[in-house]
1. Can you tell me how many residues in the range 438-456 are basic (Lys, Arg) and not in a strand (DSSP E or B)?
2. Go through Tyr322, Tyr254 for me and flag whichever is more than 16 Å from the ligand (Cβ to nearest atom), farther than 18 Å from Asp136 by Cβ and free of Cβ contacts under 8 Å to residues at least 24 places away in the same chain.
3. Any idea which of (1) charged (D, E, K, R); (2) open to solvent by 50 Å² or more (accessible area, probe 1.4 Å); (3) outside the structural domain of Gly337 (by TED's automatic domain parsing) is the one Glu159 doesn't satisfy?
4. Take the residues in the range 362-392 that are part of a helix (DSSP H, G or I) and acidic (Asp, Glu); name whichever of them is least open to solvent (accessible area, probe 1.4 Å).
5. Out of all the residues in the range 318-332, which are outside any helix (DSSP H, G or I) and farther than 19 Å from Ala109 by Cα?
6. If you take the residues in the range 295-318 that are more than 15 Å from the ligand (Cβ to nearest atom) and open to solvent by 50 Å² or more (accessible area, probe 1.4 Å), which one is farthest from Val271 (Cα to Cα)?
7. Which residues, taken from the range 172-195, are over 16 Å from Ala251 (Cβ atoms) and either touching a strand residue (DSSP E or B) at 6+ places or on another chain (Cβ under 7 Å) or open to solvent by less than 40 Å² (accessible area, probe 1.4 Å) (or both)?
8. If Ser237 satisfies all but one of (1) small (Gly, Ala, Ser); (2) open to solvent by 10 Å² or more (accessible area, probe 1.4 Å); (3) more than 16 Å from the ligand (Cβ to nearest atom), what's the number of the condition it fails?
Amino acid sequence: MDTFDNECAIAARWIERYLANVREYPVLSKMRPGEVAALLPESAPESPEPFEAIVADFERIVMPGITHWNHPRFFAYFATSATPAGIAAEALAAALDVKAMLWRTSPAATELEEVVMRWLGRLLGLPDRFTGIIYDTASVGGFTALAAARESLDLGIREAGMAGRDLPVLRVYVTEHTHSHIEKGAIALGIGRDNVVRVPCDSEFAMDPEELDRALAVDAAAGYKAMCVVATVGTTSTTARDPVQRIAPIAERYGVWLHVDAAYAGAAAIVPEFRAVLDGVERADSIVVNPHKWLFTPMDCSALYVRDPEMLRRTFSLVPEYLRTPEHGVRNYMDYGLQLGRRFRALKLWFVLRHLGAEGIRERLRAHVALAQELARWIADEPGWEVLAPHPFSVVCFRYRPPELDPATASGLAAADALNERIMETVNASGEMFVSHTKINGAFALRMAIGNVQTTSDDVRAAWGILREAARAA
Ligand SMILES: *Cc1c(COP(=O)(O)O)cnc(C)c1O
């Protein structure tokens, strides 16, 4: 027991030091492909090794190969952060090593998940009739919702499958900005990529509801069966918001499952002035919000809310004899998805919600949005730079475009793309910050996401300086 205490104590001290000094690391790892693997032996050791030796190799081999997601100048993809209370809870969950699959395999894991999902649902302004379930990611929660959407069609697919039967072709409706996990889900569920219909968007990258209506009508007349409409609140590329309040009545009219993917931006609804971002989702069948994205909870923790949890049970429940239990009226989470053993993820969300408090969360989300709006103003005011998309949350898409480049011509566009790619590579190689990119109307855009709990206005100002410096040198 002594050595075990010692191992955990070493890890606790290490975590404390890391979080205090995370700014000193290059944000993006400087390792080249294969470099980490080359430092590791070909096989696992035959004999036990001292814990200190393992930790030393963790420092020597692993740490240089880490891209620091917890660094306050991580502005790529979606900036996230694991707060200390969440990290501590994650360590406690590992110590308990619960498999939260049946109520009796840890009543607290099941009941805490029920309560914490209710808390989060209320913070988001969701009606209490929604039931929240934690999955590892929005991708898996989204897949689970798609599977339930398919089951809700009552085509007997759960029992008889789809092959060799006289079934209508099923279709899923998205936009070109919908996250790729929906298409992967359609692949896995036998829907086929050809039946993932991309509904055209308006000029602000949001689904055009009239186009959705038209696509559903045309497909219904052609004999297709609509299975699911996916609306995104905060698209991954530009954080555009599909108009859920206009999409919902259309989905209802055609009797189609509506899934709302609010993995990143849903968190904003906790702030009263952003509550409206989830307007209309009370009419959806399922909604995903990721606490591991913009709610300060360590990866992984994604909340799926469904209006009818029975539909998930109908889709996935399969109880072998050895998992039968005498309790009645309790939730067994293994019935709500593919997984049997499930991590005790509610614990870290409970710790984070309590330790920050709703007020603390609101304050931080407001600050991130304000920083992004300020950055967007600097960019818009700077000659040679331009903002490329609306920026309702904490993500800004932009590019450097000196006056001599005309992106309306093919050669000008290619030159602008190459220039901005060079700028991105230069700033990322500096180790001082990390940004990523997207394409907007075919043009390369730098994309800065603000969402780390430690990011200050000095960080954003410094990042803007580094970007301008790289543009001068490019
Ligand atoms: C990040 C993101 C996802 C994927 O989230 P995971 O939890 O990593 O699967 C899905 N949809 C949107 C809109 C996202 O921003």
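The values are calculated or read from the model by the stated rules, or taken from the named source; none is laboratory data. Only a predicted model underlies this, so the values are computations on that prediction, with no experimental measurement involved. Positions of Cβ are backbone-derived with ideal geometry, glycine not excepted, and every protein chain shown enters the neighbour counts. Keep in mind that these areas ignore ligands, DNA and RNA; they rest on the heavy atoms of the full protein, side chains included. Shrake-Rupley method; radii C 1.70, N 1.55, O 1.52, S 1.80 Å.
1. 0
2. Tyr322 is the lone residue from the list that is more than 16 Å from the ligand (Cβ to nearest atom), farther than 18 Å from Asp136 by Cβ and free of Cβ contacts under 8 Å to residues at least 24 places away in the same chain.
3. (3)
4. In this case the residue turns out to be Glu374.
5. Leu318, Val319, Pro320, listed by residue number.
6. Leu318
7. Within the range 172-195, Glu176, His177, His179, His181, Glu183, Gly185, Ala186, Leu189, Ile191, Gly192, Asn195 meet the criteria.
8. Of everything listed in (1) small (Gly, Ala, Ser); (2) open to solvent by 10 Å² or more (accessible area, probe 1.4 Å); (3) more than 16 Å from the ligand (Cβ to nearest atom), Ser237 misses just condition (3).
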